[in-house]
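The values are calculated or read from the model by the stated rules, or taken from the named source; none is laboratory data. No experiment lies behind these values; they were computed from the predicted model shown. All Cβ positions, even for glycine, are placed from backbone atoms using ideal geometry, and neighbour counts span all protein chains on display.
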DNA sequence: ATAGCGAATATGTATAGACAATTAAACCAG
DNA sequence: CTGGTTTAATTGTCTATACATATTCGCTAT
């Protein structure tokens, strides 16, 4: 056991009391002066602990009023969507990518106007077809992609390593496989698919628009969190 | 425009340079001493700015070495899963909940052993069936739920307001509707459904296990982020 | 060359004090 | 009682300083 910094200890002790329910939502948390005396430290130290808790959303602080345990939670959880290649490898499977189509085009897609690189291909885990991907990449925003070897590296993986995004939107839905999609994935038409549509922007300009269709029986999105 | 605190201004200026790509991943960020001179302030102030950036994962700090722009992003994004009632209302629709089954039982489910309240019902948006829910709630962990009016309030909404969770797991998948599910949702058997399975714990003990089956054509999970 | 060791350096933590900003509560005038 | 005004409690920000801690770099002995 390593000696944790004092502000960390204070933070954890208060956090524990909140998570255990000992301090109910809405309850008043001791003020900085009080905690300062209690721990025999400077106000900056307890301030750091309380600020961290406020940042994490566990407490709410109001001047003149004090610090209070925040009402339950933002009523929401978050799901992490990782890069597919990493995710597959993390599960102990071997990942591979099969490029099927690559062409430069002038997109008339309302969400991605202008010159784009259009890519289609299949993601495989242990050689089994996992997902079909259709992607548009703005060549105006990412000219380097034209010289990238996207037959060897999946475009999503390549992009993550080369282009930081500033905004992104994910849509997750279920649908029945169209005949063409069923053929690409080797399943029956009408079989359920999990579809992820992701758009990313960089400073307001669209970078990429991607549809990933997963074979439902072969993929699940999983996310686990601790509230700490 | 309100005058932002100095540490906030410093944080934002550095953040902007990273997000714009002016400072590439791996590049060295000016040290605290340097920034201190540059902004004419105390070291604690720049420290606060840099610590916040480190906490957000935008930079990496190593003693003796310095501060560096972190490698692209955690290669992952985050999807917010809100409470269903809120989500529907946020879209401007009216939300309602139809309780179908409520019984106390002794669960032999491996993930939720012990006495549970088992609830089944349907979520409606503007009167249209949106999702079928099957839920187990541990009555050992949440005895108050036995007296809650879960015919009036959906159990998920009730729980969010009463029981803080400390851990949660979400699984999202697609599947074809079973005949029973199709009947409950008023769709055809075999139609694609989006399924969310969520388990939450409080201090290691399971609190609730829920399956929500959405009519694929009527629901999508959407999440949008700005990195700024 | 190489392994080990010491020193330099950048961050991490903490103190004590000061003033600013916000706002709940007390007070007061009508 | 009502509405506006003052007061004071509490958090927010910042300074200047000090020492702790980790880690790279270079020196030295092998």
Taking the stretch A:8-18 and keeping only residues that are in contact with a strand residue (DSSP E or B) (Cβ under 8 Å, 6 or more places away or on another chain) and more than 14 Å from DNA strand D (Cβ to nearest atom), one is left with A:18
Would you be able to say whether some residue in the stretch A:161-174 is over 29 Å from residue A:57 (Cα atoms) and away from every other protein chain (no Cβ under 12 Å)?
-> no
Of all residues in the stretch B:103-140, count the ones that are over 19 Å from residue B:183 (Cβ atoms) and not in a strand (DSSP E or B).
-> 9
Residue among A:122, A:69, A:163 that is within 16 Å of DNA strand D (Cβ to nearest atom) and in contact with a helix residue (DSSP H, G or I) (Cβ under 9 Å, 6 or more places away or on another chain) | A:69
Go through the stretch B:173-197 and give me each residue that's closer than 30 Å to residue A:15 by Cα and surrounded by 21 or more Cβ atoms within 10 Å (Cβ to Cβ).
-> B:196
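Restricting attention to the stretch A:57-71, which residues are without any contact (Cβ under 8 Å) to a residue 24 or more places away in the chain and under 28 Å from the mean Cα position of the chain (by Cα)?
Within the stretch A:57-71, A:57, A:60 qualify.
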Could you tell me whether the stretch B:70-77 includes any residue that is more than 13 Å from DNA strand C (Cβ to nearest atom), within 30 Å of residue B:198 (Cα to Cα) and at pLDDT 85 or above?
-> no
The lone exception for residue B:5 - which of (1) within 13 Å of DNA strand D (Cβ to nearest atom); (2) surrounded by 15 or more Cβ atoms within 10 Å (Cβ to Cβ); (3) within 13 Å of chain A (Cβ to nearest Cβ) it fails = (2)
Can you tell me which residue among A:205, A:178 is more than 9 Å from every other protein chain (Cβ to nearest Cβ) and either touching a residue at least 60 places away in the same chain (Cβ under 8 Å) or under 23 Å from residue B:70 (Cα atoms) (or both)?
-> A:205
Can you name the residue in the stretch A:32-63 that is more than 7 Å from DNA strand D (Cβ to nearest atom) and part of a loop (DSSP other than H, G, I, E, B) and, of all such residues, is surrounded by the most Cβ atoms within 10 Å (Cβ to Cβ)?
-> A:58
